[in-house]
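No value in this document is a laboratory result; all are computed from the given coordinates. Keep in mind that this is a model prediction, so the values were computed, not measured. Ideal geometry is used to build each Cβ from the backbone, glycine not excepted, and the neighbour counts take in all protein chains shown.
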Amino acid sequence: MSEVFIPPADLPEREILTRLATIVASSLRIDPADVRADTSLDALGAESIDLVEITLDVEHAFTVLMPERTILDLASEVAGDGVFEHDGVLTDLGSALLRDRMPAVDSSLVGAGTPVARLPRVFLRVDVWVRVIAGLLAATPRACDRCGARLVQGPPTRVKCRACGLEFTLPTGDEIARTWVRDWLVAHGARKDGVVGGP
Ligand SMILES: [Zn+2]
């Protein structure tokens, strides 16, 4: 069986975009040229079942596990309810978080007061996926803990050492996103345990 190498941690975003566009176009049977960075997958006609297929193809192509939940859900889990969204709209902090998470997205789309119900379409933008994939690639292990040799793609959700055969479970997209949120909270002066406010 041939070895499938893990893409480099610093794979350029334009290269990620090219590979993602090929996957999306193949799944939706459209022209890859129509899969532009600022397009939303739902605007290209992707339905839930297509998103499942695209996600699986992305995970295989890049040796990553995509997040299963949105960054807003994960952030609320880390910091508590009412911090990033309140009464169905983004708070100032929620807006700041999403602007940092998705710098390519026009900030007016994620401003404070934006209804949370409008966000799924933003989360489905191609450039948002590209950046998520880049973050996952940066967090993918590439060297064996036991012998230091190079890791290659293993069975689904795993990587394996090409020398000694030891397997490792890939970090999940949700874990990596939660870590990103905790780091973001620390950088923004929130408490180190990721809890905002408190007594
Ligand atoms: Zn090894």
*Determine one quarter of the surface area of the Cα convex hull of region 1-41, which equals its mean projected area, and express it in nm² to one decimal.*
4.0 nm²
*Mind pulling the angle between the C-alpha long axis of helix 126-139 and the longest principal axis of the chain? Nearest 10 degrees, somewhere in 0 to 90.*
60 degrees
*Using unit Cβ charges (K, R positive; D, E negative) and no other charged atoms, how large, in debye to the nearest 20, is the dipole of region 129-183 about its Cα centre?*
180 debye
_Could you work out the percent of alpha carbon pairs in region 6-105 separated by over 23 Å, rounded to a whole number?_
40 percent
*Per the helix-only calculation at 222 nm, which mean residue ellipticity applies to the chain, given -39500 (n - 2.57) for every DSSP H run of n ≥ 4 and division by its residues, nearest 500 deg cm²/dmol?*
-13000 deg cm²/dmol
*Tell me, what ³J(HN,Hα) does each residue in region 108-121 have, in order and in whole Hz, if you take phi through Karplus 6.51 cos²θ - 1.76 cosθ + 1.60 with θ = phi - 60° and put x for Gly and Pro?*
5, 7, 10, x, 4, x, 5, x, 4, 5, 8, 6, x, 5
_Please report the equivalent ellipsoid semi-axes of region 46-135, computed as sqrt(5 x eigenvalue) of the Cα gyration tensor, largest first, in whole Å._
24, 13, 13
*Longest span of the chain, sites excluded, free of GluC sites (Glu not before Pro) in DSSP loop with at most 12 other C-beta atoms within 10 Å?*
69-199
_Quick one: 3J(HN,Hα) in Hz for region 31-48, Karplus 6.51/-1.76/1.60 with θ = phi - 60°, rounded, Gly and Pro as x._
6, x, 5, 7, 8, 8, 4, 8, 8, 9, 4, 6, 5, 7, x, 6, 9, 3
*Geometric extent, Cα atoms of the chain - Rg, Dmax (angstrom)*: 18.0, 58
*asked:* Under 5 Å between amide hydrogens, which residues at least 5 positions from Thr91 or on another chain qualify, with H placed 1.01 Å from N in the peptide plane?
replied: Glu85, His86, Gly113
*Using alpha carbons only, how many degrees (0 to 90, rounded to 10) separate the axis of helix 13-28 from the longest principal axis of the chain?*
90 degrees
